[in-house]
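Below is one structure, written out as structure tokens, with a few remarks after it.
Derivation of every value follows stated rules applied to the coordinates shown; laboratory data play no part. Keep in mind the model is a prediction, meaning the values are calculated, not measured. Backbone-built Cβ (ideal geometry, glycine too); neighbour counts: all protein chains shown.
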Amino acid sequence: MRHVLSYANFLEENELDWRQFPMRVDERALIKFRGCLLRKVEMGELAITTATARMSAVILFYRFAQSKNLVSTQVPMWEERRVVVRYVDSVGFGRSMARASTDLHIPMRRRVGNSLEDGLYPLSATDVRALFAYLKSNQTTELALMLLIGLYTGARIGTITTLGKRNLRAARPDPQLKDIHLIRIGPGTSVKTKFDVSGDLMVPTELLLRLVAYSESTERLKREARADDKDKNILFLTRRAKRYSVNTVDRLVEKMRAEAIRQGLQFMDSFRFHQTRATFGTQLMRMLLGVMSATNALDFVRSAMLHKSEATTMRYIKFIENSKAKQELSSEYSRLFTGVEEKWGGREP
């Protein structure tokens, strides 16, 4: 039921009619919803398994609606396909089963390689500096601050867009880390987290002060005055005085990516908001491994990033170890080929 509710929220937010199927395929609500799910998977905001289940549930809903004559179209809603699923039964015999599918189905293909959460990679230090410089002079205050929160705290979009002024005021100094404040997030705080995990967001004091200043800025207070009562506490409000949705942030990031590429920032070609989280986690883990044991670093990072599973945090250690191995291998190859070049006198053999 929650998957269909997600579709209903998408329709309302984008002012789409679920019963309308225009001749142009890209204008159909189902196609737009599928594209939205795929973008969320790319950005790490949605697991591929959830996206697949969500799309399948919506298709089942349409099949039901069609059987009850609640929807009828002049064009096919999708292209029907017949797929064969092979499996092994309880006594070890290979079996196959045919079932109906559609061209809207989202296959569960996972990325391979030395990547982090949701198949994403962290930004390099050089790219982070370039992104900071770009944000300072090219982006709206709201998106720039959201990206800074992602890079400095590892928070997800869903967490950032539900932060409120009260949460900032309730921030408390970390008793062990200088210039760090803790913001309680999760159930009971109005700030959303994945899997409803409770914990503290580690926020540099300088960033916290900047966020507090923004919350009291004239432009933001104007938006707050026009906002619904339920949204007045939300830190980031759009020009229409609405809270930002994940879809809205997605669109802003897509626009920013295109603008940044035009200005020569080629690393932005594959940029996703969720890379800010991967960047934070990698840098934090790398720093901690230099001053404490891997076990303690694992616990610290897991707590800081509110990972439900320790296996997710472990990927950061493996990523750093693999990166070091690749750097050593690269250096070894460089020495090897330098020797070859000297042996051949820099000439073609």
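Key figures
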item	result
Burial ranking of peptide ranges 276-282, 27-33 (average Cβ count within 10 Å, highest at the top)	276-282, 27-33
Computed FRET value (nearest 0.05) for A241 with E310, which takes r as the C-beta separation and R₀ as 56 Å	0.85
Alpha-carbon centroids, segment 200-235 and segment 11-61: separation in whole Å	31
Low-density loop positions, trypsin sites (Lys or Arg not before Pro), segment 134-191 - DSSP coil, at most 10 other Cβ in 10 Å	K178
Calculated FRET value between S137 and E206, using beta carbons and R₀ = 22 Å, to 0.05	0.65
Set K165/K222; K194/K222; K165/K230; K40/K192; K194/K255; K194/K242 screened for pairs whose C-alpha atoms are more than 24 Å apart	K194/K222; K194/K255
Protection proxy ranking of 14-20, 303-309 - average other beta-carbon atoms within 10 Å, highest first	303-309, 14-20
